[in-house]
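Notes for the one structure printed next.
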Amino acid sequence: VENQSSQTAFTAAAARAAHLIVDAEPYIFADTVAEAMLGDRAGELLAYHRLHGDHPVLAGARAQVLIRARVAEHLLGESGVEQYVILGAGLDSFAYRSPLARELRVFEVDHPATQAVKRDRLAAAGLRPLTDVRHVPVDLEADRLLPHLAAHGFDAGRPAFVSWLGVSMYLTREAVGATLDQVAELAPGSRLVLDHMVPAGLRDAAGQTYVDLVAPHAAESGEPWLSFFAPDEMAGLLAGRGFGAVRGVDQRDALEPELWQRTDALRPAKLSMIVSGCRE
Ligand SMILES: C[S@@+](CC[C@H](N)C(=O)[O-])C[C@H]1O[C@@H](n2cnc3c(N)ncnc32)[C@H](O)[C@@H]1O
């Protein structure tokens, strides 16, 4: 199973774990259980950050992953909803860490192979969820989301908060559109937060360097980047499906300015956008 499971789920969790080890305060996001979830891979995956943490690829990966997690959990906390759907959850640790989790029912959606690996990791680390977590196996390229959610106890009559982080770039544009169609059918008051990468002309030097260095590895390891969206294009996809209050921020604008006063290697790049919207 480990073969077909997502490697990027591990690299994202490693980036969150490494933040608390190699970066300096002020922390952007404190994922206190990511390291435990990595289990016997923690040594190997954290060594890259320990030894080369200032490298643009590793610092760039940490920035991207930390910013989106911070923004998403902040918006979730403000939303007041009782159902949280995590699309492409990977090794997301919200349900195992956040006090907010107690107020929510959590639906973790991912490929079954990645879910199986996560379950093994949780068991090995003795990590228990703080709330009711449903693992909903879905291939976003092939399956319709809502029937699968419903089959796992999701209440389509009540609003939900949906996070979709670090996933859109791995999907075809058709699958991104089809997933947005499904999320647009959620009950009024539902909210969505996602991140997407921007196309070449809209990146700065740091963003372009990151893509030049990482894209070939992503493709080789079987998880190629397939989709890039300009900010106004993604805003249009949301608005066209009836989402209101659509807001997109780049990495710099996603954080309070004080958080960019840093002594470590984390810097904002023009590379990815974090977009939120409300189903009205
Ligand atoms: C980079 S990881 C991000 C994980 C997590 N959201 C995070 O931010 O740490 C990408 C995740 O998307 C999932 N994914 C990619 N393509 C998918 C698909 N077609 N259907 C369901 N999940 C998919 C992978 O299995 C993986 O867990």
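Of note:
- Flag for Arg102 being away from the ligand (no atom under 15 Å from the Cβ), more than 28 Å from Pro268 (Cα to Cα) and surrounded by fewer than 17 Cβ atoms within 10 Å (Cβ to Cβ): yes
- If only residues of segment 38-84 that are more than 12 Å from the ligand (Cβ to nearest atom) and among the β-branched types (Val, Ile, Thr) are counted, the one that is nearest to Asp155 (Cα to Cα) is Val81.
- Segment 32-51, residues that are surrounded by 14 or more Cβ atoms within 10 Å (Cβ to Cβ), out of contact with any Phe, Trp or Tyr (no Cβ under 9 Å at 6 or more places or on another chain) and not aromatic (Phe, Trp, Tyr): Ala34, Glu35, Gly39, Ala42, Leu46, His49
- Scanning segment 135-151 for residues that are more than 9 Å from the ligand (Cβ to nearest atom), farther than 13 Å from Val183 by Cα and crowded, with 16+ Cβ neighbours inside 10 Å turns up His135, Val136.
- If only residues of segment 113-133 that are basic (Lys, Arg) and crowded, with 17+ Cβ neighbours inside 10 Å are counted, the one that is farthest from the chain's Cα centre (by Cα) is Arg121.
- Boolean, Asp195 is acidic (Asp, Glu) and surrounded by 15 or more Cβ atoms within 10 Å (Cβ to Cβ): yes
- Index of the failed condition, Asp92 passing every other in (1) among the acidic types (Asp, Glu); (2) under 26 Å from Arg252 (Cα atoms); (3) modelled with pLDDT under 95: (3)
- The listed residue being of a type in the set (A, V, I, L, M, F, W, C) and surrounded by fewer than 16 Cβ atoms within 10 Å (Cβ to Cβ), out of Ala206, Ala187, Ala218, Ala178: Ala187
- Out of Leu271, Leu226, sole residue that is closer than 21 Å to Thr8 by Cβ and touching an Asp or Glu at 6+ places or on another chain (Cβ under 9 Å): Leu271
- In segment 231-256, the qualifying residues are those that are among the small types (Gly, Ala, Ser) and surrounded by 15 or more Cβ atoms within 10 Å (Cβ to Cβ), and the one that is nearest to Arg173 (Cα to Cα) is Ala235.
- Pairs linking a residue in segment 234-246 that is on the phi < 0 side of the Ramachandran plot to a residue that is buried (at least 17 other Cβ atoms within 10 Å of the Cβ) and of a type in the set (Phe, Trp, Tyr), with Cβ atoms under 8 Å and 6 or more positions apart or on different chains, are Leu237/Phe229.
- Residues in segment 155-168 that are in contact with a helix residue (DSSP H, G or I) (Cβ under 8 Å, 6 or more places away or on another chain) and within 16 Å of the ligand (Cβ to nearest atom) were compared, and the one that is nearest to Glu82 (Cα to Cα) is Phe161.
The values are calculated or read from the model by the stated rules, or taken from the named source; none is laboratory data. Since this is a predicted model, take the numbers as computed values, not measurements. Cβ: placed from backbone, ideal geometry, glycine included. Neighbour counts: every protein chain shown.
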